[in-house]
């Protein structure tokens, strides 16, 4: 029982990452009709916003500590961050410690700009082109973006820890009456889950309750008609692209403490996020969120050793197996609409 | 002899009752029109005839055989061809290729793995396709890519493709929708010519009363998913129920 | 048609100068001219450095390449000579190999066996490389080793830790300086028993591919021999990035040690996740919960950051060793590049020198002569103390390091501290236990 | 000739001539010169050109004609490779039985996967094929290790049975794949002045297989079956209402292209008897999509060009290192040399992915019809000087 509760928790957390990425992907697909293979790269750029900010915060000058030596026997050069000088050591250390949450503020404008630049500079020329062309050009862009990141940051993962206040884990088991240590969950992952819930809720509220969102939703349903009403749908779609990029980027920022970011983390998520979107139904926002959580939970269950012992290799294939079963039983995914992306 | 027999057909979409207790019979070698206001269920009925939709209840018999549960290509092979509201042709292919495909379907059936012989060696198919193109007065356009033609020519090509299969029943779904008056008249002439040249039954769904009264021998009026009346054009013109339900609204034509 | 095995472009490159301008075609028949694949006849010899330049191990590959460049410099008499000065064999004299200047070509393995073989083939066929070396995974090492066997060139493996490389998949033309899973287990177990006691329950997470299997087996066998119990062993997919669903059930199982048989990105992520779950603050069965990482590398430690603190693992070599060979190598590498070398760099540098030395001693580039010179070769001064290149399986036997993540690192390179230098006797095993056949050396032509 | 019209015959002969002369054409630079780095006329790469050419030709039969974008085609390549290596291990080092088994096995897999996946179209089809391939990759890499060799790949061993050949070659090594006594790695070299040309038996064998595959592909393109496939891409609905059952057509195309992939896989294993699971990974499937689009979708020769272009970059650009760059620009003054090297360096060697990404983007943006369209534009540029300039934009027809 406790094992199952634990894996549901796990699944929700994994699912929230999938859902966040799939949400942005669906926003772009639903509004612009563009299959964006560079979406994973946006996630990755978001994560590197966090890396960049923590690098900026730890910009240092060198103080020579003659009591110690480095590997060649020379006096040790100790890096002292400028923030220590500005705010004093205690406050400075706290600022550096909180680099990841602070990066949210840094990432939002950056990602909006990246998104808008991408849409204006490249994507808008591809609205009328076949999906295969969109896939290829965005795939090329994804490669270029990740190679640029690799050029500057290297291929090795870069540790980007959560604030020390969030290290350790919370013991749910104790509350629910199980033995201690049976259902524990890291604080930061709980933060991630809550954060994802807030972002997903905000996106839905934005689309549901603002005029802007209403127009966009109408545009998703029938672009031509909305265009005929004399509404400048293109500008709104540009903003939507920026928004989707920001959602992906924030998902990336908050993900950095969970897994140290590296330049190919976007590609690692790309296939998976497409599976999530398609299982949810192309163009359906609730579908993307639902499928994200569903696949997250199923993946967690499949990784239990009781399950693996029963069906060897199930943890390797569960996502794809579920995708196949769902697509064969529900032709357009969980909540997909007819006629979308079928030709 | 009755070629098409629709009995007690019902079709629901969720809460919406699209067809209710539809009965229709079409005599062989006649032109039968189905008219009715928007949302009357004309297209739904047509889709039930060609296998795109399956009625909830009722039967559709073609030449004494049920079409229900058969796939569109099987129904076509039985002898029913369909012309769509917006011309459905193979846009990327040339006019000649467009015309050859139904000829292959007629000769080889629903599937034939004819992967090694070349198209240009299929003399009988080429001959047949050219013959139909000549018939349709399109032979000079045979090397054109189909999507580059005017809408009228596309319609003409589509009808020609259907005729090349020598169907026993030709279904036309608003063949003149969106056409200019001249094109409409051309289409009427074309259909008249087709009818005069061969034995064929035509069922036509049409909004344009001019087309209907120029062509139809029998007319069924559909309203709210149910047949209101079926009669000759003359009688339909004067029928009070029809005027009330339909013609009164669209007399502006 | 006459038969040649692959080509001998190295020969042709120099021969071409003599034949230039002659319009008459000359058809080369390999066996009549060259005794072995890519026999160098000019004033230079070409070595092929096949390292990952793209993909997740690119940084490791870059470090390997730095080491090779340094080795080439030293072989040709440049720089301060590095470990050539401390190496017990004095055959090398800084004038290249057998008087031929050393040149090199590079290829990208992409850490994929197909791509690695393609780039190795191109170096052999196109560039006339007489020896291939490098790589940072066992899959690549085994694949390229088999290729070199077929082509008739020597393969000096880079970083490869699976038992298979010199076990089940060993080849007569292939040589490994790096240690393996068995040695990790044999070296780690006593230290673990000493620090964590003999009454422990271990939970293994294992990368679901060959290297993971052999590592899990090695650690299980050696820890169980010390009295540990293995509670469970769960295989994780290579492509996994988030290990939370594998780590969450660990505490429920009653285990008090978690062994992460992961490498590279897998290890960085699983360790980070495990620390996140607060496993190390837990007390289970009255003991502190512990995590063990059988194979450490500095780049992985760097990726995992503070999470490695206090965690035990094994490593082939570390720059903080105090023997003369290490000090000489660290000095020349550090002077040239500004930071200390990784263990991958060390192994690659050593392999390049060992190959050159063997050629020099054999007096020939012929792979069979080189192999003979390497087989049973005992040496010292290459950073791991006395070392033996065992003849039966072409595996090096030397001391193995047990290391621990450092609590207070002074720089981003100072992440591990040496806990124990396990003597070579303790990690030596019988050559036959892993099966496989060495075959006979293949000189190509 | 060969039942082809004049234009197609010319195309076939052109491809035949290019492949026959490839050892010359791909080695335009003399040995030892600075440009020799760009020579591609060595056996391994030439083999790869034609083998991936086969793969792409087959993929184009599915994607180019029917428009069904399979994102899991590399799985069939993998199946073919595994089948071939098993045949080498168990039966004989002769490549023919290996090729036959590989084509049959990949055909069976394609039939099963195609039957299920073709129940959906559009991106749903793509995701289904992707899912199948990823499952096959994941299983081959892990739990199927006894059958596939897992991480290290499936390879030959000295103690394999090899029922027909006996165990070990004369020199005590594992025998190599061959064809009735000719070994695939046999080569003859020709030295002409400063130039060296290598003629490899394996390459010519693969090239012959590719020519046959190409010929069959032309026949399929020109056949009624090919026309039906193009009709499926153009308007599936109309085809249904014309009395044609599209499912068996798409399935046949899927199986044929799967068999092409299996053939390519078998040839890869024949040239280099090792089969790794990575060749089934989704990026490998993506690669063949890129090859086809880069060359020109739906054209006959495009996929071959695309395959060549990508393999050239992977194998040539990736091998240029900073040393070589310095030697190129050595004639320049030091500062300028360093500057140029710094500018070029990110794009070569380990940066070859960056170059690849940029080229994809440029081709897709400016040449939607791929390299073939590029060729057409250049050809038109020359023609337009003679004829009038307002010629209508030609449709990209198969066979151009």
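Any read-out appearing in this document is the output of simple, stated calculations on the displayed coordinates, not a laboratory observation. As the structure is a prediction and not an experimental result, all values here were calculated from the model. Reconstructed Cβ throughout: ideal geometry from the backbone, glycine too, with neighbour counts over all protein chains shown.
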Inset, instruction - Could you sort D:106-118, B:147-159 so that the peptide with the highest average Cβ count within 10 Å comes first and the rest follow in order? - result: D:106-118, B:147-159
Inset, instruction - Give the calculated FRET efficiency between residue C:410 and residue D:358 to the nearest 0.05, with a Förster radius of 35 Å applied to their Cβ-Cβ distance. - result: 0.25
Inset, instruction - May I ask for the distance between the Cα centers of segment C:301-370 and segment D:189-219, given as a whole number of Å? - result: 43 Å
Legend entry - Estimated 222 nm signal from helices in chain C, with DSSP H stretches of n ≥ 4 weighted -39500 (n - 2.57), rounded to 500: -11000 deg cm²/dmol
Inset, instruction - Could you sort C:158-165, B:72-79, A:45-52 so that the peptide with the highest average Cβ count within 10 Å comes first and the rest follow in order? - result: C:158-165, A:45-52, B:72-79
Inset, instruction - Could you pull the Cα extents of chain A along its three principal axes, largest to smallest, in whole Å? - result: 73, 51, 37
Inset, instruction - Using only Cα atoms, locate the centre of segment D:278-356 and the centre of segment B:128-153, then give the distance between them in Å, rounded to an integer. - result: 47 Å
Legend entry - Residue-averaged [θ]222 nm for chain B, counting only DSSP H segments that reach four residues, each worth -39500 (n - 2.57): -10500 deg cm²/dmol
Inset, instruction - Per residue of D:32-42, count partner chain C-beta atoms within 10 Å of its C-beta, then hand back the mean as an integer. - result: 3
Legend entry - For chain B, alpha-carbon Rg and Dmax in angstrom: 18.6, 62
Legend entry - Cα coordinate range in segment C:182-315, projected on the principal axes (Å, largest first): 33, 30, 24
Legend entry - Choice from B:220, B:30, B:232 with maximal GNM fluctuation in chain B (Cα, 10 Å cutoff): B:232
Inset, instruction - With 5 Å bins from zero, work out the P(r) of segment B:86-149 over every alpha carbon pair and list the percent per bin. - result: 4, 17, 26, 27, 17, 8, 1
Legend entry - Spin-label pair residue C:437/residue C:229, simplified geometry with 7 Å Cα→Cβ offset, distance in nm: 4.4 nm
Legend entry - Among A:260, A:60, A:273, residue whose mean-square fluctuation peaks in a GNM of chain A (springs only between Cα atoms under 10 Å): A:60
Legend entry - Degrees between helix C:138-151 axis and first principal axis of chain C (Cα, 0 to 90, nearest 10): 20 degrees
Inset, instruction - Provide the FRET efficiency to the nearest 0.05 for the residue C:324-residue C:194 pair, computing r from the beta carbons and using R0 = 25 Å. - result: 0.30
Inset, instruction - With r as the distance between the Cβ atoms of residue D:347 and residue B:140 and R0 = 56 Å, compute the FRET efficiency 1/(1 + (r/R0)^6) and round to 0.05. - result: 0.60
Inset, instruction - Compute the separation of the alpha-carbon centres of segment B:186-201 and segment C:145-198 and state it in Å as a whole number. - result: 84 Å
Inset, instruction - Please report the Cα spread of chain D along all three principal axes, rounded to whole Å, starting with the longest. - result: 72, 70, 42
Inset, instruction - Would you tell me the mean number of C-beta atoms belonging to other protein chains that fall within 10 Å of each C-beta in C:275-281, as a whole number? - result: 6
Inset, instruction - Could you check the simple spin-label distance between residue C:283 and residue A:72, using points 7 Å along Cα→Cβ, in nm with one decimal? - result: 4.8 nm
Legend entry - CD proxy at 222 nm, helix term only [per DSSP H run n ≥ 4: -39500 (n - 2.57); per residue of chain A; nearest 500]: -23000 deg cm²/dmol
Inset, instruction - Pick out which of A:119, A:89, A:147 has the largest mean-square fluctuation in a Gaussian network model of chain A, springs linking Cα atoms closer than 10 Å. - result: A:89
Legend entry - Crossing angle, helix C:343-362 versus chain C [Cα axis fit, 0-90 degrees, rounded to tens]: 40 degrees
Inset, instruction - With both partners inside chain C, how many of the DSSP beta bridges are antiparallel, as a percent to the nearest 5? - result: 30 percent
Inset, instruction - Summarise the partner chain shielding of A:319-330 as one whole number: the mean count of Cβ atoms from other chains within 10 Å of each residue's Cβ. - result: 4
Inset, instruction - Extending each Cα 7 Å along its Cβ direction at residue A:212 and residue D:283, get the distance between those two points in nm, one decimal. - result: 3.8 nm
Legend entry - With eigenvalues of the C-alpha gyration tensor scaled by 5 and rooted, the protein assembly as shown, Å: 62, 40, 28
Legend entry - Contour excess over end-to-end distance, with Cα ends at residue B:117 and residue B:148 and 0.36 nm allotted per residue: 8.3 nm
Inset, instruction - Provide the three semi-axes, in whole Å and in decreasing order, of the ellipsoid equivalent to segment C:98-241 as defined by the square roots of 5 times the Cα gyration tensor eigenvalues. - result: 36, 16, 11
Inset, instruction - Translational diffusion coefficient, Stokes-Einstein: compute it for chain C using the Kirkwood radius over C-alpha pairs as Rh, at 37 °C and 0.692 mPa s, and state it as an integer in µm² s⁻¹. - result: 147 µm²/s
Legend entry - Antiparallel bridge percentage (DSSP; both residues within the protein assembly as shown; nearest 5): 55 percent
Inset, instruction - Could you tell me what percent of the DSSP beta bridges with both partners in segment C:182-315 are antiparallel, to the nearest 5? - result: 10 percent
Inset, instruction - Show me C:425-433, D:155-163, A:250-258, D:283-291 ranked by packing, highest mean number of other Cβ atoms within 10 Å first. - result: A:250-258, D:283-291, D:155-163, C:425-433
